[in-house]
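Down below is the structure, laid out as structure tokens.
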Amino acid sequence: MPEIVVFAIDDALASSIALPLEMLRAARQHHVAHTRRGRSLRISLVSEQGAPVRMSGALTLLADPAAATVEHAALLLIPSLWRAPVTRVGCPPS
């Protein structure tokens with residue numbers, strides 16, 4: 001079963017996580033309803049430590065597992081960060 005992983009990051013734009021999750025889950029429900037088969041897609045919301053993540057708009061999202069537990073994903077979605085993402089996420093030395 002293909003897996004889509006949405007990676008939640010502190011201070012990310014909530015809409016950049018919530019909207020893709022809602023659309024993917026709606027597509028999965030549509031597929032199940034029209035093919036009469038069980039779930040054909042696994043969708044996970046993960047965070048770095050598996051802990052709740054606070055979005056930039058003061059919303060808090062509950063992650064499923066920690067990111068380190070994901071072994072394979074057909075698609076990985078990274079949310080949008082407001083303003084200066086380099087200072088938020090960090091960059092490896094070059």
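The values are calculated or read from the model by the stated rules, or taken from the named source; none is laboratory data. It should be emphasised that the depicted structure is a prediction, and the values quoted were computed from it without experimental measurement. Because the Cβ atoms are built from the backbone with ideal geometry, glycine has one as well, and the counts that use them run over all protein chains shown. With ligands, DNA and RNA removed, areas are computed over all heavy atoms of the protein, side chains included. Shrake-Rupley method; radii C 1.70, N 1.55, O 1.52, S 1.80 Å.
Laid out as a table, the results:
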| read-out | value |
| --- | --- |
| Scan of the range 55-74 for residues that are open to solvent by 80 Å² or more (accessible area, probe 1.4 Å), of a type in the set (A, V, I, L, M, F, W, C) and in a helix (DSSP H, G or I), ordered by number | 68 |
| Test: residue in the range 29-43 that is closer than 24 Å to residue 11 by Cβ, free of Cβ contacts under 8 Å to residues at least 60 places away in the same chain and out of contact with any Lys or Arg (no Cβ under 7 Å at 6 or more places or on another chain) | no |
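One line per residue, one yes/no per condition, for (1) open to solvent by 50 Å² or more (accessible area, probe 1.4 Å); (2) assigned to a strand (DSSP E or B); (3) among the polar types (S, T, N, Q):
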residue	(1), (2), (3)
22	yes, no, no
25	yes, no, no
33	yes, no, no
37	yes, no, no
40	no, no, yes
46	no, yes, no
50	no, no, no
